[in-house]
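*Asks:* Sharing a structure with you now.
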Amino acid sequence: MRLLIIEDDVAAADYLRQGLTESGHVADIAHDGETGLQFTLQNDYDVLLVDRMLPGRDGLSIVRMLRADGRTTPVLVLSALGQVDQRVEGLRAGGDDYLVKPYAFSELLARVDALARRAQPAGAVTSGSLKIDDLELDLERRRVTRAGQLIRLQPRELRLLEYLMRRAGRIVTRTMLLEQVWDLHFDPQTNVVDSQISRLRAKIDRDFDKPLLHTLRGIGYRLGDDI
């Protein structure tokens with residue numbers, strides 16, 4: 001997943017990004033409200049982690065503006081303000097969840113995963129996994145199987161597969177993959193995407209009768225039944 005952390009505490013933001021990266025996600029950071037708002041308007045994120053007290057523009061005003069604009073990206077509000085009325089205010093502003101500081105990173109990660117599952121119906125099932133045909137990714141254990149057969153993937157391959165599964169049936173361009181999976185906002189003019197797609201296809205398709213990962217020449221890639 002690609003996440004945005006809007007947090008003015010530099011150390012806390014770096015800690016979050018490190019933990020989320022180690023968990024297989026890509027995370028951007030904004031240290032003030034105005035920058036955070038611009039990031040949300042210019043990029044496509046799976047979940048936003050928004051600190052309530054921010055310089056420039058507070059976190060709840062960001063959430064209100066996004067909801068008024070019709071944007072439905074899940075938001076996890078982070079705050080040291082933990083009274084019941086303060087939590088209720090955060091949820092009524094448009095937050096999908098509210099986590100009081102200090103918190104355990106494992107709980108934050110579980111809440112982020114839950115928000116992403118709730119927001120993404122394509123391929124999502126209630127067991128905390130993504131499933132396309134007989135291909136399944138267990139989000140909790142980071143375990144991939146096809147037709148019950150275990151498939152071992154490297155961390156980057158796993159991140160690539162999760163991104164494709166969350167967008168099952170839709171075309172994903174090379175630029176989208178560079179930004180969302182590699183966190184690159186420029187084209188390095190290499191075949192890194194093609195080679196990684198090729199390795200992933202060899203693992204999830206080669207030994208099975210029905211191919212699921214398709215290349216649309218000059219357009220991008222799509223995971224799902226052939227059309």
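The values are calculated or read from the model by the stated rules, or taken from the named source; none is laboratory data. Just so it is clear, the structure is predicted and the values come from calculations on it, not from any experiment. FYI the Cβ positions are ideal-geometry reconstructions off the backbone, even for glycines, and counts take in every protein chain you see.
*Asks:* Could you grab the pairs with beta carbons closer than 6 Å, sequence gap of 6+ or different chains, first residue in the range 190-203 and within 11 Å of GLU157 (Cβ to Cβ) and in a helix (DSSP H, G or I), second one at pLDDT 95 or above and of a type in the set (Val, Ile, Thr)?
*Replies:* LYS203/ILE151
*Asks:* Also, quick follow-up: Tally the residues that are in contact with a Lys or Arg (Cβ under 7 Å, 6 or more places away or on another chain) and at pLDDT 90 or above, restricting the search to the range 180-227.
*Replies:* Adding up the residues that qualify gives 9.
*Asks:* Keeping to the range 89-106, report how many residues are among the basic types (Lys, Arg) and either in contact with a Gly (Cβ under 6 Å, 6 or more places away or on another chain) or at pLDDT 95 or above (or both).
*Replies:* Of the residues in that region, 1 qualify.
*Asks:* Which of the residues spanning the range 29-44 are acidic (Asp, Glu) and either in a helix (DSSP H, G or I) or free of Cβ contacts under 8 Å to residues at least 40 places away in the same chain (or both)?
*Replies:* ASP32, GLU34
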